[in-house]
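The numbers here are math on the coordinates, done by the rules we state, and not lab data. The shown structure was predicted, so the numbers you read here are calculated from the model rather than taken from an experiment.
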Amino acid sequence: MTKHDPAKKRASRRKGATEERALVRFLQQRGFAAEKISRTGYRGPDLSIPLLGIDRAVEVKARGNGFATLYRWLANADLLIVRSNRREPLVILPLWLGAEIAAVAEGLARKDIKSVLGHASINDRELSNA
């Protein structure tokens, strides 16, 4: 049985919590009532975002380079749809586009999120400043 390094676990939890807080700030700045609901020892979703009258459960995953294939597939497209056998298809899209679609669906004052950021992609710098 492999022993797990407690320092690595703490660093991983800290990285996840930092990412969750940045996403909440990003969404709140765009008019969404997003909130971080995960806590230490909590099993369940990381964020809650009310959309279309329903509190949506959001799971946040951040990896150093763990999603490279997804990013490569999405490089020349607006949306990526992936599906495993006998599973429901998943839609993957850049955060700015998802926020813009949700804002229109919610009837929020429409901001051109893409132009607010100055470009189409959101990287670590934009999220940390969100």
Q: At 0.36 nm per residue, minus the direct Cα-Cα distance, what do Ile54 and Leu90 gain on full extension? Give it in nm, one decimal, please.
A: 11.0 nm
Q. Roughly what percent of Cα-Cα pairs across the range 1-100 reach past 23 Å?
A. 40 percent
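Check the range 1-109 and count each lysine pair with an alpha-carbon distance under 20 angstrom, considering only pairs eight or more places apart or from different chains. Intermediate results must be reported in sequence, preceding the final value.
On the way: Lys8/Lys61; Lys9/Lys36; Lys9/Lys61; Lys15/Lys36; Lys15/Lys61; Lys36/Lys61.
Lysine pairs, 8 or more places apart or on different chains, close enough: 6.
Counting each pair of different Cα atoms once, what's the Kirkwood radius of the range 49-91 in Å, rounded to one decimal?
Details: mean 1/r = 0.0774 Å⁻¹.
Kirkwood hydrodynamic radius for the range 49-91: 12.9 Å.
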